[in-house]
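In what follows, a single structure is set out as structure tokens and then discussed.
Rule-based calculations on the coordinates, nothing more; no lab input. Worth saying up front: this structure is predicted, and the values here are computed from it rather than measured. Note: ideal-geometry Cβ built from the backbone for every residue, glycine included; neighbour counts use all protein chains shown.
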Amino acid sequence: MVPATGRAYARAGLASNPSDGYGGRTVAVVLREFAAEAEVHAAAADRCREPLARAALARFRRDVAAVGPVEVRWTTTVPREVGLAGSSAIVIAVLRALCAATGASLGSDALARMALAVETEDLGIAAGLQDRLVQVHEALLATDFGRELRVEALDEALLPPLWVAWHSDAAQPSGVVHGELRARWQRGDREVCAVMDALGACADAARDALLAGDRVAFGACLDRSLELRRRVMPVDARVLRMVDVAREFGASVNSAGSGG
């Protein structure tokens, strides 16, 4: 095993988040301004304090390669718990570092699914595949999470100028709000099912608007996504104030994720 590093960027959901965890469709983009970085090297005994990193190491050992004792170090510039996929960035960075250290090879979709399993199966966190796919492909993606996963990379030049803002005081783990939503979905809640269908249609419209160069229509899909989200998920009043301020300046707005 050789010392190695891995990196994963933040991501922002643009349209139809959070339908990815419910068989829907989404449009989301990587944010290269923020990243998690991990470093692994052999050690006399495991040194890995962060639960996300420990779970990633355990999953890698179980599913990919038998790795001896290691030290895992990581840093991140992704604001935590504000909906920019900071947790999955750490997991993917660690998995990429382990792959580089052992010479293992994982395809993009396999890496994304492993990162999701670390959080959902190993740590019991409610989450969807969208974040991890965007982070491993490092692109603007239109994704269909139906029976057969379909991932389409779009030209990022199609996007209008984007601003990302967050309110640290409103931060909370996305699994908190997703837990109740998933429970309602599993019960067959009619409102949740109807909103997920509408969000899927919104993702299709956002993709088509981007390809047509219709930025007004694309912006309307962001606004529509946020209104649909509010029907089934709580949105902090401080975040809604941010939305109001942005709209006062003529912006279209959506939650980048499910944190603050």
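Figure the gain on full extension for A65 and S168 (residue separation times 0.36 nm, minus the Cα-Cα span) and round it to one decimal in nm. Walk me through the numbers before you get to the answer.
Details: separation 103, 0.36 × 103 = 37.08 nm, distance 3.80 nm.
Gain in length upon complete extension: 33.3 nm.
Using a 10 Å cut-off around each Cβ, can you sort S252, S88, S19 from fewest to most neighbouring Cβ atoms? Write out the running numbers ahead of the final one.
Details: S252 20, S88 31, S19 28.
Ascending number of Cβ neighbours within 10 Å: S252, S19, S88.
Report, in debye and to the nearest 20, how large the dipole of segment 8-80 comes out about its Cα centre when Lys and Arg carry +1 and Asp and Glu carry -1 on their Cβ.
Values: 11 positive and 8 negative charges, 30 e Å.
The dipole magnitude comes to about 140 debye.
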- Message: Give me the dipole magnitude in Debye, nearest 20, for the chain about the Cα centre, with unit charges on the beta carbon: positive for Lys and Arg, negative for Asp and Glu.
- Response: 440
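Can you tell me the FRET efficiency between R184 and V2 if r is taken as the Cβ-Cβ distance and R0 is 41 Å, rounded to the nearest 0.05?
Values: r = 47 Å, r/R0 = 1.15.
The computed FRET efficiency comes out at 0.30.
Can you work out the FRET efficiency for the pair E191 and R47, with r the C-beta to C-beta distance and R0 = 35 Å, to the nearest 0.05? Intermediate results must be reported in sequence, preceding the final value.
On the way: r = 47 Å, r/R0 = 1.34.
FRET efficiency, E191 to R47: 0.15.
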- Theoretical gain in end-to-end length, A58 to S105 [0.36 nm per residue, Cα-Cα removed]: 15.2 nm
- Task: Could you list F60, F34 in order of exposure, starting from the residue whose Cβ has the fewest other Cβ atoms within 10 Å?
- Result: F34, F60
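If you take every DSSP beta bridge whose two residues both sit in the chain, what share of them, in percent to the nearest 5, is antiparallel?
Details: 28 of 29 bridges.
DSSP beta bridges in the chain are roughly 95 percent antiparallel.
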- Of G213, G200, G257, farthest towards positive along the dipole that unit charges on Lys, Arg, Asp, Glu beta carbons give the chain: G257
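Quick one: compute the contact order of the chain, relative version, from alpha carbon pairs under 8 angstrom and 6+ residues apart, as a percent. Don't skip to the answer; put the middle values down first.
Values: 528 pairs, mean separation 68.6, N = 260.
Once divided by the residue count of the chain, the mean separation gives 26 percent.
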- Place +1 on the Cβ of every Lys and Arg and -1 on the Cβ of every Asp and Glu in segment 4-248, take the dipole about the Cα centre, and give the residue among Q186, G128, L141 whose Cα lies farthest towards its positive end. Q186
- Message: Under the rule a/c < 1.5 gives rounded, and otherwise a/b versus b/c splits prolate from oblate, where does segment 155-260 land using the Cα gyration tensor?
- Response: oblate
